[in-house]
1. State the answer as a single residue: which of A:209, A:261, A:238 lies farthest towards the positive end of the charge dipole of the stretch A:208-297, with beta carbon charges of +1 for Lys and Arg and -1 for Asp and Glu, about the Cα centre.
2. Sorting C:38, D:203, A:303, A:144 on the 10 Å Cβ count, fewest up front, what's the list?
3. What is the sum of charges around residue D:155, taking Lys and Arg as +1, Asp and Glu as -1, for the other residues whose C-beta is under 14 Å from the C-beta of residue D:155?
4. Just rank D:49, B:123, A:67, fewest to most, by other beta-carbon atoms within 10 angstrom.
5. Could you calculate the FRET efficiency of residue B:37 with residue D:86 from 1/(1 + (r/R0)^6), where r is the beta carbon distance between them and R0 is 45 Å, rounded to 0.05?
6. May I ask which of D:34/D:176; A:176/A:258; A:176/D:87 have a Cα-Cα span longer than 32 Å here?
7. Shielding by partners for C:247-257, please: the mean number of other protein chain Cβ atoms within 10 Å of each residue's Cβ.
8. What nm distances, shortest first, do you get from the label point of residue C:34 to those in the other copies when the point sits 7 angstrom along Cα to Cβ?
4 protein chains.
Amino acid sequence: MVCQYGEQLEKLVKEVQPFTANGKVADYIPALAKANQDTLAVSIYDGNSTCFSAGHSSEMFTLQSISKVLTLALALMDHGEEIVFDKVGMEPTGDPYNSIAKLESLVAKPLNPMINAGALAVSHLIEGESTDERLERLLQLIRDMCGRPSVTYNREVAQSEFNTAHLNRSLAFFMKQYRIINEDVDQLLDFYTKQCAIEVNCDDLARIGYVLANKGRNEEGVEIVPFEIARLVKTFMVTCGMYNSSGEFAIRVGIPAKSGVSGGIVGAVPNEIGIGIYGPALDEKGNSVAGMKLLEAISSYYDLSIF
Amino acid sequence: MVCQYGEQLEKLVKEVQPFTANGKVADYIPALAKANQDTLAVSIYDGNSTCFSAGHSSEMFTLQSISKVLTLALALMDHGEEIVFDKVGMEPTGDPYNSIAKLESLVAKPLNPMINAGALAVSHLIEGESTDERLERLLQLIRDMCGRPSVTYNREVAQSEFNTAHLNRSLAFFMKQYRIINEDVDQLLDFYTKQCAIEVNCDDLARIGYVLANKGRNEEGVEIVPFEIARLVKTFMVTCGMYNSSGEFAIRVGIPAKSGVSGGIVGAVPNEIGIGIYGPALDEKGNSVAGMKLLEAISSYYDLSIF
Amino acid sequence: MVCQYGEQLEKLVKEVQPFTANGKVADYIPALAKANQDTLAVSIYDGNSTCFSAGHSSEMFTLQSISKVLTLALALMDHGEEIVFDKVGMEPTGDPYNSIAKLESLVAKPLNPMINAGALAVSHLIEGESTDERLERLLQLIRDMCGRPSVTYNREVAQSEFNTAHLNRSLAFFMKQYRIINEDVDQLLDFYTKQCAIEVNCDDLARIGYVLANKGRNEEGVEIVPFEIARLVKTFMVTCGMYNSSGEFAIRVGIPAKSGVSGGIVGAVPNEIGIGIYGPALDEKGNSVAGMKLLEAISSYYDLSIF
Amino acid sequence: MVCQYGEQLEKLVKEVQPFTANGKVADYIPALAKANQDTLAVSIYDGNSTCFSAGHSSEMFTLQSISKVLTLALALMDHGEEIVFDKVGMEPTGDPYNSIAKLESLVAKPLNPMINAGALAVSHLIEGESTDERLERLLQLIRDMCGRPSVTYNREVAQSEFNTAHLNRSLAFFMKQYRIINEDVDQLLDFYTKQCAIEVNCDDLARIGYVLANKGRNEEGVEIVPFEIARLVKTFMVTCGMYNSSGEFAIRVGIPAKSGVSGGIVGAVPNEIGIGIYGPALDEKGNSVAGMKLLEAISSYYDLSIF
């Protein structure tokens, strides 16, 4: 098991550390801009033990787009596949094989739940009488997955994101026009920006990844997420979890993973381990530069690719 | 092993057989239109034995788009990743996560090697002094993979496709304008349509899938395709192997696979088995309706999903 | 002069009347849906006399998109060409002559002031301390043009449009993201929906058209709109005044004109006459079916095409 | 009349001459690259006299895209509006007023006859048993318009363009796939590149513009092009004659005009004069920089805008 060789993991982190210099910390809101460019941390969980590789592993960061896989799981638990995939597609691309150019369809249905439009449509489906109740239900799922009852969200980040979410409002109103969503847009944005602002550390992510890897069950065998949903979520992590680097990432790393602009990445090696990574310096596509390199090194050394 | 339970496989085929009525045989050229709507065949190869499930398994059909994975492997063997992925992308989609609509870039580089434009760019890279020599090199690779030295192409199909390939010519001239390809377009189309017209049966496909599944080696351990290339090819089969149903197929089936409009599908379960399927009745996206259902049933019964 | 032959005009209206049956009254808000499908009215103003052709000419209707030409004039009077065309383009199309497909640029600048995005960007530029003040300034311009001091807006229509303007909000937030607009979106929408709800009759439109036709001056020679701005506005009326029927309308009719989904059309024959038309039954592109036919008949009979 | 003030015209040319330094001579084929960057010539024809303004007016250049208006006229004379506009649209843009982004429709019909795809579809309609006969028919129309029986095409330019017309071949095969055209693509390209290579001088263009301006008749009143077709052609010159600068050109100049990448521009002021301009230094959209400036100066000084 990976955790038996913590020294090797430490060595891989050191090798990859210089890549933190290549990226750029997200700065579209002040709270994210405060992150330390040099940080690189990883945590791996195999159901028995957790192995940390670096001193930064207790640092907290926000989920951002990583939350998309968790709301997707919750929406599927709330409504089932039919209703969820009536609102959002399953495809990394909507292009037929012979299109001479990419096609914008007038159909407003988002392509998949990992792009912002799709994630908004999925969040719209989360049940609850109020934003608080919906958020509480999502937090409960996350607390169950990482076994840390104190998980909550960062109010400052949520507020900043809410204030600057013009593009997400544009997407939401567009979908409201075409009845993909039919709630108040500001209410949806309130929930969405809070979900993105949920704070975790690498250990939390490793345990979340472990539940997804372990057929939806925690280390005690308790089902947190149904088996079919855990599998489905991992599929989206492969086909579109790393923004528009997903194809290359699948080739280079081959581990179902989802990144966020805070610099976090959650990985789930089916039937084996969960991985949490934090490295806030991003490439231009929004993925942690050193984080991806580290996952590539880990996958290669421990032969973790699913392909 | 799957082949020990041939009766179960037979049973799955029978269950799925009615779905052959739902699709439509491709009819854009006469040679394809002659296919029998009801046909459904499967062959599975585990490196020791081959199990057939249905009486149609000796029927020959053309590779069509299945050839895209094989030319990709050969182009990578000829040139390496850097040169190949300078001509063609690695992504199932080129959309950044926050695009409000799909983007056509002026850059003519095809998104990936599984769409026609990408496959044409890859075929352009296959080395050889003449079309005959390039085709012979591809045929040799395929013969090595399926262990049948008599594999060749169907002249009638190739000629028909060559005569009607207006859209592929359009794509090729577009890429010639932007210097993605720089050979004579009719010469490239000649090679491309011949590669698509290579004839196989289900057994051949199962053995091709086995080599891809088995780290590029045949049952005797001889390397036919380097390990890294076999892995890379399987990755593209998951992210874009089933046209624009790839996302849903990954969720429902979870097996790296590539389909063609002849109705063939090749599947490769990493480190386990190769699968060949033939069912010419297609859905509107160009995939065998009953073939996909059969793969779903097989994946579910034998628990073959990689996710 | 056209007004000397009122009987002929009456005859043309009768000939065209049956076309009112072909269209469909806009029904996306209740206030518009109340319009009478059969209505067809025209008013022509030559600076001396006004000739009405039909009994419906006193009916009031809202400007809707016709307001786009008036806010454009006001924004140009407020800021000049440089600032206005920094926010919005001048082209009916943004496609280079050799594009193989239409291109969505990441640049958020709207193509021209006659599409909704462009009109929102133009409205954003209208000066005024408050929505009331901006609206009052626009109303004053319109009152000056049509010489009717009682022109105001319909509160019910404005309110309905405000409540359902999801798509316009989507456009506005998209432009806010890219800093094309930087005011509160709901404030802009409040102004925009009120401007669209300004009520006129055919006589008003004929006089508005006359001012545009008469180099920006009213019948007494008083400059209401500077000459260059009146010319510029007429240019946009030709290249994109009739939604995406502008090209065909220029061929068939050849009169600078702007339509609205209420069924109104304003026409301006340079140096000759202004035309106001009302016919609420629309074609699928949003233009008055009978209104366009009537303009075609008038243009042909009186030889008014500018081409 | 303009020609009474030749000195003034000379003065305008001198004022505009420095703008020749701003553009760039087309160099995609050697024959065009040979053009002299400094050249600026204009010729104006009023039906009685021709006034030249500059010493370069005898220089020959190829029509290039200017030929699009002439093949359009001939195709309409051959087939009438219904058949021509079944193959090609009438609109400068195909976007509905509320599209959030530009739309590529699967319908392959080109938007209008002034883009390359549309011009290819129009050329396809020109009648004739052979390329020679079609070309001869087009040349005869042009000879009739400019009253110079020796008009012919430049073989070197035609051959160069034929050899490098990858993008036009791409467009043609795309339209062949969708049955917009159904002749041999190389045969169509042979005709198309020859039509683009027809050689004229400024005087010729001025006389061609005069016929279009003068309701399709030459100075002796002989109908060369039917009235309706001459009007229709001028309409397209306004809405899409200057590539994607047409909107701005209509605002700044207001004269129906069509440019080509050789640096030629033909102008037609309805019921007044024809204008021929040659200035090979182009802006990045493919229009003669100094040529457009000169037309703006002429339009302004002689008050020629149709708006």
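Here, each number is a calculation from the coordinates, and none is a lab measurement. Because the structure is predicted, anything quoted here is derived from the model rather than measured. Neighbour counts run over all protein chains shown; Cβ positions are idealised from the backbone, glycine included.
1. A:238
2. A:303, C:38, A:144, D:203
3. Values: positive: D:194; negative: D:132, D:156, D:161, D:190, D:199.
Net local charge, residue D:155 excluded: -4.
4. Least crowded to most crowded, the residues run D:49, A:67, B:123.
5. 0.80
6. Values: D:34/D:176 35 Å; A:176/A:258 27 Å; A:176/D:87 37 Å.
Long pairs (Cα-Cα over 32 Å): D:34/D:176; A:176/D:87.
7. Mean partner shielding for this stretch: 5.
8. So the distances to the same position in the other copies read 5.6, 7.1, 7.4 nm.
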